[in-house]
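The values are calculated or read from the model by the stated rules, or taken from the named source; none is laboratory data. Model, not experiment: these values are computed from the prediction. Glycine gets a Cβ as well: all are built from the backbone with ideal geometry, and neighbour counts include every protein chain shown. We work out accessible area using only protein heavy atoms, side chains counted, and drop any ligands, DNA or RNA first. Shrake-Rupley method; radii C 1.70, N 1.55, O 1.52, S 1.80 Å.
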Amino acid sequence: MYPEDLKYHPEHCWARIEGNIATLGITYYAQDQLGEIVFLELPAVSTDVSAGKAYAEIESVKSVSDVYSPVNGTIVETNQEVVEAPEIINEDCYNQGWMVKVELAEDSGVEDLLDAAAYEKLISE
């Protein structure tokens with residue numbers, strides 16, 4: 001449920017780090033708490049993001065929530081498929097349901113993120 005190759009932020013988002021690019025999305029726990037996702041608003045490419053700060057807005061049948069960045073950097077790509085069909089996030093939050101790709105800043109904040117075991121411990125408390 002929480003892939004070992006990802007890094008996690010306490011605000012229920014994940015980062016897949018590949019070189020200096022981080023692919024970002026929300027965790028299974030987050031999408032489960034939200035319920036059926038019906039709308040997603042992503043920022044434009046070249047928008048700077050900061051760890052722990054909101055960069056997107058996600059709406060479900062239950063509520064509207066902010067999506068927080070787990071890292072510092074600049075958006076280099078957005079996933080338009082999930083904007084057009086946000087239910088993909090409920091179906092596959094770790095692969096097809098990614099939201100943005102970020103070129104990591106020098107002070108990316110990656111070292112502050114949790115591994116899968118630490119994140120699972122956090123959400124079980």
(message) Just to verify a result, which residue in segment 88-114, among those that are open to solvent by 80 Å² or more (accessible area, probe 1.4 Å) and of a type in the set (Asp, Glu), is farthest from His9 (Cα to Cα)?
(response) Glu91
(request) Taking the options Asn20, Asn72, name whichever one is exposed (fewer than 15 other Cβ atoms within 10 Å of the Cβ) and within 22 Å of Ser108 (Cα to Cα). (result) Asn20
(request) Scan Val76, Val102, Val82 and give me the residue that is assigned to a strand (DSSP E or B) and within 18 Å of Leu6 (Cβ to Cβ). (result) Val102
(request) May I ask you to list the residues in segment 7-30 that are assigned to a strand (DSSP E or B), touching a Leu at 6+ places or on another chain (Cβ under 8 Å) and either among the polar types (S, T, N, Q) or over 14 Å from Asp92 (Cβ atoms) (or both)? (result) Lys7, Tyr8, His9, Cys13, Ala15, Ile17, Ile21, Ala22
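Here is a yes/no grid of residues against (1) closer than 20 Å to Asn95 by Cα; (2) in contact with a helix residue (DSSP H, G or I) (Cβ under 7 Å, 6 or more places away or on another chain); (3) modelled with pLDDT of 95 or more:
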{"position": "Asp5", "(1), (2), (3)": "yes, no, yes"}
{"position": "Asp32", "(1), (2), (3)": "yes, no, yes"}
{"position": "Leu40", "(1), (2), (3)": "yes, yes, yes"}
{"position": "Pro43", "(1), (2), (3)": "yes, no, yes"}
{"position": "Ser50", "(1), (2), (3)": "no, no, yes"}
{"position": "Tyr55", "(1), (2), (3)": "yes, no, yes"}
{"position": "Ser60", "(1), (2), (3)": "yes, yes, yes"}
{"position": "Val71", "(1), (2), (3)": "yes, yes, yes"}
(request) Please work out if Glu11 is more than 16 Å from Ala85 (Cα to Cα) and either small (Gly, Ala, Ser) or at pLDDT 95 or above (or both). (result) yes
(message) Tell me the residue from Ala54, Ala117, Ala85 that is within 16 Å of Glu11 (Cβ to Cβ) and either loosely packed, with under 15 Cβ neighbours inside 10 Å or without any contact (Cβ under 8 Å) to a residue 40 or more places away in the chain (or both), please.
(response) Ala54
